[in-house]
Amino acid sequence: MWELDRALEDDSRAAGIFAGLGAAGILTWLASIVLADTLLPITSITALGALVFGFVGWRASKHGDPREATNFVAVSLTIVLAVLWLFLLGSLVLRVG
């Protein structure tokens, strides 16, 4: 978590992390369609947030604009995506088992 926060302070590393955040949002949404369609409303909202803030943060880091609020949202969305992946993996385990 602290490494993510430090990485967001460096513009070149932050651009990659924000792009990864957007990609993780899309991947989470696609996984919820396949694994747990009951989670689709929450994953849709979270994926849209990750995509929007990923793009905004990526653009801001490319232009060197201050993005302190975007950093906080990125860390928060990363935590939410991680929790959603726990549910998705649990759903996968229940399907396999």
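The values are calculated or read from the model by the stated rules, or taken from the named source; none is laboratory data. Every value quoted in this text rests on a predicted model; they were computed, and no experiment measured them. No Cβ is skipped: glycine too gets one built from the backbone with ideal geometry, and neighbour counts run over all protein chains shown. Each accessible area value is taken on the protein alone, full model and side chains, heavy atoms only, with ligands, DNA and RNA left out. Shrake-Rupley method; radii C 1.70, N 1.55, O 1.52, S 1.80 Å.
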Check: Looking at S76, is it open to solvent by 60 Å² or more (accessible area, probe 1.4 Å), assigned to a helix (DSSP H, G or I), modelled with pLDDT under 90 and not basic (K, R)?
Finding: no
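Mind listing whichever residues of the range 24-52 are polar (S, T, N, Q) and either open to solvent by 20 Å² or more (accessible area, probe 1.4 Å) or touching a residue at least 60 places away in the same chain (Cβ under 8 Å) (or both)? Walk me through how you get there before you give the answer.
Of the range 24-52, the ones polar (S, T, N, Q) are 28, 32, 38, 43-44, 46.
Within the range 24-52, T28, T38, S44 meet the criteria.
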Check: Of all residues in the range 53-73, how many are buried (at least 17 other Cβ atoms within 10 Å of the Cβ) and of a type in the set (F, W, Y)?
Finding: 2
Check: Applying the selection to the range 80-95, what residues are in contact with a helix residue (DSSP H, G or I) (Cβ under 9 Å, 6 or more places away or on another chain) and not polar (S, T, N, Q)?
Finding: V80, L81, L84, W85, F87, L88, L89, L92, R95
